[in-house]
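Data first, discussion second: the structure below is written as structure tokens.
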Amino acid sequence: MAGNELLARFRTHAQEHGVAMVEATVDRLELVEGGFRASAGAQAWHAQCVILATGIVDRLPDLADAEAAIACGALRLCAICDAYEARDDDIAVMAAPETALRHARFLRTFSRRVHALDAGGGGWTDPRLLREAADSQVHLHPRPVRLTCTGQGCEAEFADGSRQHFDTLYPVLGAQAQAHLATGLGARTDENGELVVDAHMRTSVPGLYAVGDVVSAINQISVAVGHAAIAATAVHRGLPANWA
Ligand SMILES: Cc1cc2nc3c(=O)[nH]c(=O)nc-3n(C[C@H](O)[C@H](O)[C@H](O)COP(=O)(O)OP(=O)(O)OC[C@H]3O[C@@H](n4cnc5c(N)ncnc54)[C@H](O)[C@@H]3O)c2cc1C
């Protein structure tokens with residue numbers, strides 16, 4: 001099932017249980033008496049607890065119409081999600097050399113034709129990386145001067161004028177965790193800026209929970225949904241009992 005269909009089903013399911021949906025960008029989260037105040041422009045909501053599921057924004061390479069390239073599979077962002085769809089293809093990874101080679105070696109379990117492109121521009125000089133690339137039969141390339149999506153894949157052009165076609169390209173350029181609402185309250189993050197949570201999805205700010213990609217964990221829908229179940233249960237348990 002495609003993501004949009006899954007989201008539509010989740011939305012219907014929540015609405016059937018009386019959940020009110022508001023589309024707005026929360027620009028402020030504050031600690032107030034009794035909990036939190038979240039505001040989006042002139043609108044504001046108060047709650048005892050907040051569960052943040054604000055995700056990440058992937059850093060993309062300089063490529064015209066990256067959305068179309070993702071839609072046709074020329075550009076892919078998550079090898080554990082969809083590398084099986086690219087098996088036996090010419091697969092390229094673009095990242096700083098160490099990262100590019102690590103991901104390329106992972107992708108070698110899906111294809112014999114895997115390429116590592118140096119996104120940093122420093123070149124493939126480290127003897128250890130050269131040895132590992134040779135051992136795992138990963139083809140090394142310098143930093144491309146231009147990348148184009150052809151509809152059937154990506155074409156990289158290099159400084160010497162040569163060109164190389166890849167059926168699919170995984171840029172591993174990192175992502176921006178959308179954690180600022182939490183860090184503004186002092187929530188702890190890891191070295192990637194992702195929120196650190198405990199086994200109940202609690203951030204270091206009491207009453208503030210976080211789930212999904214914004215959390216320091218594997219970025220997968222099933223993981224995000226599992227996080228949400230854990231956080232919702234913890235919040236539910238913490239609500240004041242009403243025995244009436
Ligand atoms: C191209 C691509 C392919 C993928 N394929 C797969 C796959 O095949 N299988 C799989 O399991 N996973 C896949 N993933 C990963 C999957 O999409 C994520 O793990 C999942 O969507 C995480 O859910 P989330 O709710 O944490 O974040 P998201 O789905 O990113 O949702 C976060 C939402 O929060 C909103 N938001 C952010 N800040 C605010 C704010 N201040 N106020 C209001 N709203 C805000 C954002 O606009 C967004 O709608 C893929 C990801 C990408 C990019």
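Here are the numbers for the structure shown:
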quantity	calculated
Number of the condition not met by G73 [criteria: (1) surrounded by 12 or more Cβ atoms within 10 Å (Cβ to Cβ); (2) on the phi < 0 side of the Ramachandran plot]	(2)
Residue match in the stretch 37-51 (condition: assigned to a loop (DSSP other than H, G, I, E, B), under 28 Å from L239 (Cβ atoms) and not assigned by TED's automatic domain parsing to the domain that holds H115)	yes
Residue within the stretch 23-33 that is surrounded by 15 or more Cβ atoms within 10 Å (Cβ to Cβ), within 20 Å of C149 (Cα to Cα) and either within 10 Å of the ligand (Cβ to nearest atom) or free of Cβ contacts under 8 Å to residues at least 12 places away in the same chain (or both) present	no
Any hit, the stretch 195-213, residues being surrounded by 14 or more Cβ atoms within 10 Å (Cβ to Cβ) and modelled with pLDDT under 95	no
Some residue of the stretch 107-117 being more than 15 Å from the ligand (Cβ to nearest atom) and assigned by TED's automatic domain parsing to the domain that holds A210	no
Failed item in (1) touching a strand residue (DSSP E or B) at 6+ places or on another chain (Cβ under 6 Å); (2) away from the ligand (no atom under 13 Å from the Cβ), with E191 passing the rest	(1)
Qualifying residues in the stretch 218-240 (those that are small (G, A, S) and surrounded by fewer than 17 Cβ atoms within 10 Å (Cβ to Cβ)) - the one nearest to the ligand (Cβ to nearest atom)	S222
Leading residue by the ranking (most open to solvent (accessible area, probe 1.4 Å)) among those in the stretch 76-99 that are assigned to a helix (DSSP H, G or I) and of a type in the set (G, A, S)	A79
Wholly within the stretch 100-183, strands (runs of 3 or more DSSP E) carrying at least 1 residues that are touching a Gly at 6+ places or on another chain (Cβ under 8 Å) and surrounded by 17 or more Cβ atoms within 10 Å (Cβ to Cβ)	163-166, 168-171, 175-177
Filtered residue count, the stretch 42-65, keeping only those that are open to solvent by less than 60 Å² (accessible area, probe 1.4 Å) and free of Cβ contacts under 8 Å to residues at least 60 places away in the same chain	2
Qualifying residue in the stretch 86-103 (condition: touching a Ser or Thr at 6+ places or on another chain (Cβ under 9 Å), within 14 Å of the ligand (Cβ to nearest atom) and assigned by TED's automatic domain parsing to the domain that holds C154)	yes
Filtered residues of the stretch 126-163 (kept if among the polar types (S, T, N, Q) and at pLDDT below 95)	T148, T150, Q152
Condition met for L181 (hydrophobic (A, V, I, L, M, F, W, C), in contact (Cβ under 8 Å) with a residue 60 or more places away in the chain and more than 10 Å from the ligand (Cβ to nearest atom))	no
Enumeration of residues in the stretch 199-243 that are within 20 Å of the chain's Cα centre (by Cα) and in a loop (DSSP other than H, G, I, E, B)	M201, T203, V211, S216, A217, I218, N219, Q220
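The values are calculated or read from the model by the stated rules, or taken from the named source; none is laboratory data. What you are looking at is a predicted structure, and each value in this text was computed from that prediction instead of being measured. Quick reminder, even Gly has a Cβ in these numbers, built from the backbone with ideal geometry, and neighbours come from all protein chains shown. Accessible surface is based on the protein model in full, side chains and every heavy atom, while ligands, DNA and RNA are left aside. Shrake-Rupley method; radii C 1.70, N 1.55, O 1.52, S 1.80 Å.
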